[in-house]
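This report refers to the structure that appears directly beneath it.
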Amino acid sequence: MEVIILKEPHQIANKCADIFEQAIIEKNNAVLGLATGSTPMLLYKELVNRYERGRLSFRNVITFNLDEYVGLSPQHSQSYSYFMQKHLFEHIDISSRNTHLPDGIAENPIYESEKYEAKIRGCGIDLQLLGLGSNGHIGFNEPTSSLGSQTRIKTLTPQTVKDNSRFFTEGEFQPTLAITMGIGTITSAKRIVLLAIGKKKACAIKQAIEGPLSAWCPASALQMHPRTTFIIDEEAASLLKMKEYYRWVYEQQQQLTQRLGMP
Ligand code: GLP
């Protein structure tokens with residue numbers, strides 16, 4: 001695991017955008033796993049910026065989002081489908097045929113989940129982006145989710161419903177079910193980048209990186225993944241025991257890549 005601690009949210013977005021850019025340039029039809037929430041918003045802004053400056057094209061890129069609320073149509077302003085349109089897809093040259101999210105209003109969400117899993121397995125994700133729930137969830141895999149789980153319906157914890165209530169207006173229907181990639185689906189990606197910002201994520205970050213591998217903290221499953229990078233800010237890193245070591249490793253690595261003239 002690589003742990004990169006940066007000061008400012010825009011530095012986190014830029015560093016992550018570099019990793020995305022590299023993945024898109026490296027492979028003609030890169031398959032990206034995408035996330036929603038407030039954390040990746042600056043990253044999406046930076047990717048749009050790079051597209052507008054002619055530095056990046058998404059023409060052949062394929063995307064799969066982590067999750068979608070059950071009961072919200074793609075047109076609903078709180079659906080993750082709407083979020084992706086608004087923050088990324090409508091600003092770049094990606095083909096709508098290549099963007100995938102679970103259908104929140106599928107007649108049979110169980111079948112929809114199985115179909116989504118099969119599509120992902122058929123393509124294989126090259127780079128998966130993750131945010132982090134304050135309880136350690138990734139996607140909507142809540143604590144005690146099987147570490148080998150596949151795409152399925154999950155019931156959200158009261159904590160997650162509360163955390164995400166800020167996006168809904170009072171009295172508005174807020175779903176308590178979601179279709180989410182499983183932890184096994186997520187960890188089948190070739191490379192994973194997890195972003196976390198703020199004090200509210202410090203405890204989950206501590207458990208994910210330095211805690212035991214446990215279904216109690218779904219993000220701890222990333223300890224088993226061969227190529228995961230955590231890019232986090234000082235506050236999210238505040239409870240890490242080994243943070244000075246992570247900083248030192250990153251500095252050494254920067255020096256090495258500079259010396260070798262690597263991107
Ligand atoms: C939701 C999403 C997660 C996301 C999390 C954190 O629960 N399903 O994918 O990581 O929110 O969101 P935020 O970045 O707003 O803290």
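The values are calculated or read from the model by the stated rules, or taken from the named source; none is laboratory data. Since we're looking at a predicted model, the values are computed, not measured. Here the Cβ is made from the backbone with ideal geometry for all residues, glycine too, and neighbour counts use every protein chain on show. Accessible surface is based on the protein model in full, side chains and every heavy atom, while ligands, DNA and RNA are left aside. Shrake-Rupley method; radii C 1.70, N 1.55, O 1.52, S 1.80 Å.
Observations on the structure shown:
- Out of N28, N60, sole residue that is modelled with pLDDT under 95, outside any helix (DSSP H, G or I) and under 18 Å from I120 (Cα atoms): N28
- Sole exception among (1) more than 16 Å from the ligand (Cβ to nearest atom); (2) within 23 Å of I231 (Cα to Cα) for N60, by number: (2)
- Scanning segment 224-251 for residues that are over 18 Å from A202 (Cβ atoms), assigned to a helix (DSSP H, G or I) and open to solvent by less than 80 Å² (accessible area, probe 1.4 Å) yields V249, Y250.
- K200 being basic (K, R), assigned to a helix (DSSP H, G or I) and within 12 Å of the ligand (Cβ to nearest atom): yes
- Of the residues making up segment 31-57, those that are without any contact (Cβ under 8 Å) to a residue 40 or more places away in the chain, away from the ligand (no atom under 12 Å from the Cβ) and not in a loop (DSSP other than H, G, I, E, B) number 4.
- Restricting the first member to segment 60-73 and to residues that are touching a residue at least 12 places away in the same chain (Cβ under 8 Å) and on the phi > 0 side of the Ramachandran plot, and the second to residues that are open to solvent by 10 Å² or more (accessible area, probe 1.4 Å) and in a strand (DSSP E or B), the beta-carbon pairs closer than 8 Å and six or more apart or on different chains are G71/L177.
- Exactly one residue out of R121, R97, R166 is open to solvent by 60 Å² or more (accessible area, probe 1.4 Å), within 13 Å of the ligand (Cβ to nearest atom) and not acidic (D, E): that is R166.
- Filter result (buried (at least 23 other Cβ atoms within 10 Å of the Cβ) and more than 14 Å from the chain's Cα centre (by Cα)) within segment 188-204: K201, A204
- Scanning segment 126-163 for residues that are among the acidic types (D, E) and either loosely packed, with under 15 Cβ neighbours inside 10 Å or at pLDDT below 95 (or both) turns up just one, D163.
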